[in-house]
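> One structure, pasted below without further comment.
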Amino acid sequence: MKTINYEHFNANKNNLMDQWNDVTKPFSYLILDDFFDVDFAEKVLQEYPEIETNNWESKTYINQRNKFVKTTFSETESHIAQAINELNNPGFINKIGEITGIEGLSADADLYGGGLHQSINGAFLDVHVDFNIHPKTKMHRRLNIILYMNKEWEESFNGYLELWDMDKKIQLENIKPEFNRCVIFETNEVSYHGHPKKLNTPVNISRKSLALYYYTLTRDENEVVDEHNTIYVNTEGVSGKIKNLKSGLKALKDRLFK
């Protein structure tokens with residue numbers, strides 16, 4: 001069974017390179033539909049595990065809530081494991097390197113911060129820039145790939161991926177997290193992104209995605225800054241402050257009870 005839709009990459013390579021190198025954008029990104037072969041994407045979605053199953057790690061902090069992460073996969077999740085392996089395959093990474101012009105990209109076998117993500121009603125992730133150095137390898141984080149696995153996603157659910165130009169305080173993109181859509185963007189000090197609006201989904205619907213990050217040993221000297229963790233910003237004014245205050249209190253309560 002085919003996995004990644006390489007025909008899309010090959011047929012649109014020059015166009016994708018032009019999009020990536022668009023100097024009018026503060027950071028580079030691509031939005032790719034029909035990323036996996038449709039039959040393979042369906043298999044991945046069928047295997048996507050419920051939160052009630054084992055090996056999901058809950059994430060609730062001031063700036064994010066009701067997010068679950070999974071980085072190990074059972075025998076019944078073979079297509080998910082195959083998807084992760086294909087995204088970490090040197091052939092795919094070389095293809096991405098050709099399009100982005102980033103040399104020496106490496107996968108992260110530990111899926112630190114990545115893997116399967118799943119968010120439920122009330123979840124949000126404030127706009128932010130990511131941590132810039134892998135905590136174990138100390139390599140530079142250079143690319144994010146997020147692949148969405150949500151069918152019939154409604155606008156009222158929220159959960160759209162927002163890309164921001166924080167120098168100009170304007171939103172660049174409001175990306176619907178729909179099935180088999182992939183977003184690729186560079187990781188630097190201005191690549192602000194998130195889904196800050198709280199999910200408004202029915203009980204039986206969650207926001208599903210696969211996330212992988214890629215690294216290099218070095219990066220241009222003018223881009224190197226001291227190691228830092230995720231840096232959040234508030235793009236929602238007073239309502240964002242109130243939301244984060246409530247989330248912080250809930251996170252504190254959870255930790256006290258644990």
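The values are calculated or read from the model by the stated rules, or taken from the named source; none is laboratory data. None of the values given here were measured: they were computed from a predicted structure. As a convention, Cβ positions derive from the backbone with ideal geometry for all residues, glycine included, and neighbour counts pool all protein chains shown.
> Within segment 147-159, can one find any residue that is at pLDDT below 95 and under 30 Å from ASN200 (Cα atoms)? Outline the logic, then answer.
Initial filter on segment 147-159 (at pLDDT below 95): 152.
Filter once more, so that each one left must be under 30 Å from ASN200 (Cα atoms): 152.
Looking through segment 147-159, at least one residue is at pLDDT below 95 and under 30 Å from ASN200 (Cα atoms).
> Under the condition of being touching a residue at least 60 places away in the same chain (Cβ under 8 Å) and surrounded by 21 or more Cβ atoms within 10 Å (Cβ to Cβ), which residue from segment 158-170 is nearest to GLN19 (Cα to Cα)?
Going through the qualifying residues, I end up with LEU163.
> Would you mind telling me which numbered condition in (1) in contact with a Leu (Cβ under 8 Å, 6 or more places away or on another chain); (2) over 21 Å from THR100 (Cβ atoms); (3) surrounded by fewer than 21 Cβ atoms within 10 Å (Cβ to Cβ) GLU173 fails?
Status for GLU173: all satisfied but (2).
> Within segment 93-100, is there a residue that is in contact with a Ser or Thr (Cβ under 8 Å, 6 or more places away or on another chain), assigned to a helix (DSSP H, G or I), hydrophobic (A, V, I, L, M, F, W, C) and closer than 19 Å to PHE185 by Cβ?
yes
> Quick check: anything in segment 142-157 assigned to a helix (DSSP H, G or I), surrounded by 13 or more Cβ atoms within 10 Å (Cβ to Cβ) and free of Cβ contacts under 8 Å to residues at least 60 places away in the same chain?
Among the residues of segment 142-157, at least one is assigned to a helix (DSSP H, G or I), surrounded by 13 or more Cβ atoms within 10 Å (Cβ to Cβ) and free of Cβ contacts under 8 Å to residues at least 60 places away in the same chain, which makes the answer yes.
> If we keep just the residues of segment 164-222 that are part of a strand (DSSP E or B) and among the aliphatic types (A, V, I, L, M), which is nearest to the chain's Cα centre (by Cα)? Show your work before the answer.
Going residue by residue through segment 164-222, those that are part of a strand (DSSP E or B) are 164-165, 170-175, 181-186, 192-195, 207-216.
From what's left, among the aliphatic types (A, V, I, L, M): 170, 172, 175, 183-184, 210-212.
On the way: ILE170: 20, LEU172: 16, ILE175: 12, VAL183: 8, ILE184: 8, LEU210: 7, ALA211: 5, LEU212: 7 Å.
Ranking the candidates gives ALA211 first.
> Go through the residues of segment 50-64 one by one and say whether even a single one is farther than 30 Å from LYS246 by Cβ and either in contact (Cβ under 8 Å) with a residue 40 or more places away in the chain or among the polar types (S, T, N, Q) (or both).
Scanning segment 50-64 turns up no residue that is farther than 30 Å from LYS246 by Cβ and either in contact (Cβ under 8 Å) with a residue 40 or more places away in the chain or among the polar types (S, T, N, Q) (or both).
> Next up: Going through segment 208-237 one residue at a time, which ones are farther than 20 Å from PRO196 by Cα and touching a helix residue (DSSP H, G or I) at 6+ places or on another chain (Cβ under 8 Å)?
Listed by number, the residues that qualify are LEU212, TYR214.
> If you don't mind, there's one more thing I want to ask. Would you confirm whether any residue within segment 59-73 is under 24 Å from ALA109 (Cβ atoms), of a type in the set (Phe, Trp, Tyr) and within 17 Å of the chain's Cα centre (by Cα)?
yes
> How many residues does segment 1-16 contain that are surrounded by 15 or more Cβ atoms within 10 Å (Cβ to Cβ) and in a helix (DSSP H, G or I)?
3
> Every residue in segment 129-139 that is assigned to a strand (DSSP E or B) and surrounded by fewer than 20 Cβ atoms within 10 Å (Cβ to Cβ), please.
ILE133 - this is the single residue of segment 129-139 that is assigned to a strand (DSSP E or B) and surrounded by fewer than 20 Cβ atoms within 10 Å (Cβ to Cβ).
> Out of ALA41, ALA81, report the one residue that is hydrophobic (A, V, I, L, M, F, W, C) and free of Cβ contacts under 8 Å to residues at least 12 places away in the same chain.
Of the residues listed, the single one that is hydrophobic (A, V, I, L, M, F, W, C) and free of Cβ contacts under 8 Å to residues at least 12 places away in the same chain is ALA81.
> Is there a residue being crowded, with 16+ Cβ neighbours inside 10 Å, touching a residue at least 40 places away in the same chain (Cβ under 8 Å) and under 16 Å from the mean Cα position of the chain (by Cα) anywhere in segment 98-110?
yes
> Looking at segment 1-53 only, could you name the residues that are closer than 17 Å to THR76 by Cα, in contact with a strand residue (DSSP E or B) (Cβ under 8 Å, 6 or more places away or on another chain) and at pLDDT below 95?
Those that are closer than 17 Å to THR76 by Cα, in contact with a strand residue (DSSP E or B) (Cβ under 8 Å, 6 or more places away or on another chain) and at pLDDT below 95: PRO49, ILE51.
> Now for a different question. Which condition does PHE40 not pass, out of (1) hydrophobic (A, V, I, L, M, F, W, C); (2) part of a helix (DSSP H, G or I); (3) over 30 Å from VAL203 (Cα atoms), if it passes all the others?
(3)
> Moving to a separate point now. Since GLY97 meets every condition but one in (1) touching a Phe, Trp or Tyr at 6+ places or on another chain (Cβ under 8 Å); (2) of a type outside the set (S, T, N, Q); (3) within 30 Å of VAL233 (Cα to Cα); (4) at pLDDT 95 or above, which condition does it not meet?
The failed condition is (1).
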